[in-house]
Amino acid sequence: MRDYAKEVLEGSPRAAARLISWLEDEDPRALEHMERLHAHTGRAYVVGITGSPGAGKSTLTDKFTFALRKQGLTVGIVAVDPSSPFTGGAVLGDRVRMSRLAVDPGVFIRSMATRGFLGGLAKATGEVVKVLDAFGKDVIVIETVGVGQDEVDIIRLADTTCLVLVPGLGDTIQSMKAGVMEIADVFVINKADRPGADQLYAEVTSRVEQDAHIRERAWTPPVVKTVAVDDEGIDDLVEAIRSHRRFLEESGALEERRRRRAREETLQMIHGELFRRIRDRLTADGELEALVEAIAERRESPYRAVQDVLARWLRE
Amino acid sequence: MTQDRKIKIIVAKPGLDGHDRGAKLLARIFAEAGMEVVYTGLRQTPEMIVETALQEDADVVGLSSLSGVHMYFFPRVVELLREKGLDDVLVVGGGIIPKDDIPELKKAGVAEIFGPGTPTAEIVEFIKKNVRTRD
Ligand SMILES: Nc1nc2c(ncn2[C@@H]2O[C@H](COP(=O)(O)OP(=O)(O)OP(=O)(O)O)[C@@H](O)[C@H]2O)c(=O)[nH]1
Ligand SMILES: [Mg+2]
C-alpha cells in the first residue's frame, strides 16, 4: 500500500489528490493518513471568499492568487459548487476563471461538489484544507457556493472571510438577512465598473461605521472596491487581508479562533464516530428495524428508545 | 455513511476556436447523469487538461474539438496522462472528427470517439461501463 501521508508531505500532488477523494467519499482509509498529517497542519493562512452567485468570486480568487504568487507564496484553492439534489451530479465551473493557474506548480486547485451538504461548503472542505496545509501551501483560498445568504459556514474554516457584494444584483444592505453582514472580515465591492457601485460602497461603509458605534469591536472590516476582470483593486484587497491577519496575530485572536475551531471539530468528530458505531451495530443485528416497528405501532416511544439504546451503549 | 463513489469527469475544449456551447452541453448531460463534471472552459492546452485531471483525481477526461486539432491534441493528452502515471484515466473525444481519423486516435489510446448526433445516453453508458474502479 502506498504511503500517502508521506507522499503528501514530500509534495506529491497525485497523493494529495487521491487522499482528498477519499475524504470526499468518507473512505475510512483516509483516517490513518490524516492522523499522521495533523502535526504538519496549522501553518497555512486560510482565506474565504463568499458572496452571491456570479458576484465574481472565482475571478477574484484568480487575481488574488496571482498577486500572492508574485510575492512568492504558494496557494491552494478549494472551489465549492452545488450538487443537484435531484441527480446528485454537479457542474464545477470555477476553474474556467482560473485557467492560467492550472499549470503553475505553486498552485493546487480542487473543485468540490456539496453532495447535499448545506452551509455553502462540502462536508469534507475542512479536511481538504488540512491536506493542502500539510502539502505546504502558504495560503489556502476557499471559494464557497454562491447561493442565497444562509451559507455562513465559511467563518468556521477561514481566518479571514471576504464577503463579495455587487451593485445591481440585489446586494443591498436592506435585503441582507440578519447575520450575513457580520461574517465579513473584509467587504469587497466587486464590479465597481458597474453603475451603483459608489452607492453600494457608501451604504456598506456607513453600515460598518454604525456597527462600530453600536458595539465595541476590536476589528473594523475594511471596504475594498474591485474590478476583478480588469485586475483593479486587487492590491487593496491583498493589503486588507494582510492587515486583518496582522490584527488576528497581534491580538491573539488567531490563536483563539483556531482553538475554537479545534474544539468544534473535536466534538463533531466524537459525534460522528459515536453515531456511526451505534448505527452500525443497530443495523447489523436488525435491532433498528425492530425499534422502528415498535415506534411506528406506538408500542414504544422514540424518546424512550433513545434513552434505552444510549444507556445500554454507555454501560458497555 | 460512506458516500457513493461518484464519477468525476473533466470536460475540456482544446484548441483555439471560441465556441464552447457543445462542451457546456456535454457538461450538463454528464451532471444530469449523476457525475461530477469539472468544466474547464475554452482554449485548454494538453498540459492544462492533464494537470487539472491530476489535481481533481478525475476518472475520465472528455475532449471536445471542432477545429481539426484533434490529431495533435487528443494523443498528446493521452501521452501526458501516461507520463504522469495516470494510465487508468479514461479518455473520450467528441466533436467534428472525420471517420478516417478514428482508428489512429484509438491506437493512440483514446478509448472512444463520439461523432455529432451520438445519442447522449450512449456516451453516458460507455463511460459508466469503461470507467476505472478506483481502489
Ligand atoms: N463587469 C464586471 N464583470 C465581472 C467582474 N468580475 C467578474 N465579472 C464577470 O462576472 C461573471 C461571473 O464571474 P465569476 O468569477 O465566475 O463569479 P462567481 O462568483 O465565481 O460565480 P459562481 O461561482 O457561479 O457563483 C463573469 O462573466 C465575469 O467575467 C467585474 O469586476 N466587472
Ligand atoms: Mg465561481
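The values are calculated or read from the model by the stated rules, or taken from the named source; none is laboratory data. These figures come from a predicted structure and were not determined experimentally. Using ideal geometry, Cβ is built from the backbone for each residue, glycine included, and neighbour counts are taken over all protein chains shown. Calculation scope for accessible area: heavy atoms of the full protein, side chains included, ligands and nucleic acids excluded. Shrake-Rupley method; radii C 1.70, N 1.55, O 1.52, S 1.80 Å.
Brief remarks follow.
- Dividing the summed -39500 (n - 2.57) terms of all DSSP H runs of n ≥ 4 by the residue count of the protein assembly as shown sets its mean residue ellipticity at 222 nm at -14000 deg cm²/dmol.
- In this structure, the pairs whose alpha-carbon distance is over 30 Å, taken from A:Lys70/B:Lys8; A:Lys63/B:Lys84; A:Lys123/B:Lys107, are A:Lys70/B:Lys8; A:Lys123/B:Lys107.
- Heavy-atom surface analysis with a 1.4 Å probe gives the range A:36-127 a carbon and sulfur content of 59 percent of its accessible area.
- For the chain pair A and B, the interface hides roughly 2800 square angstrom of accessible area in total, found with a 1.4 Å probe.
- Reach of A:Lys57 by Cα under 17 Å, taken over lysines that are not fewer than 8 positions away in the same chain: A:Lys191, A:Lys225
- Residues in the range B:24-54 occluded by at least 50 Å² - accessible area, probe radius 1.4 Å, against chain by itself: B:Glu36, B:Tyr39, B:Met48, B:Leu54
- Carbon-plus-sulfur accessible fraction, chain B (probe radius 1.4 Å, protein heavy atoms only): 53%.
- Heavy-atom surface of the protein assembly as shown, accessible at 1.4 Å and reported per residue (Å²): 49
- The spacing between the range A:219-242 and the range B:1-69, judged by their C-alpha centroids, is 32 Å.
- Cut-off of 10 Å, at most 12 other beta carbons, DSSP loop: longest stretch of chain A lacking such trypsin sites (Lys or Arg not before Pro): A:44-176
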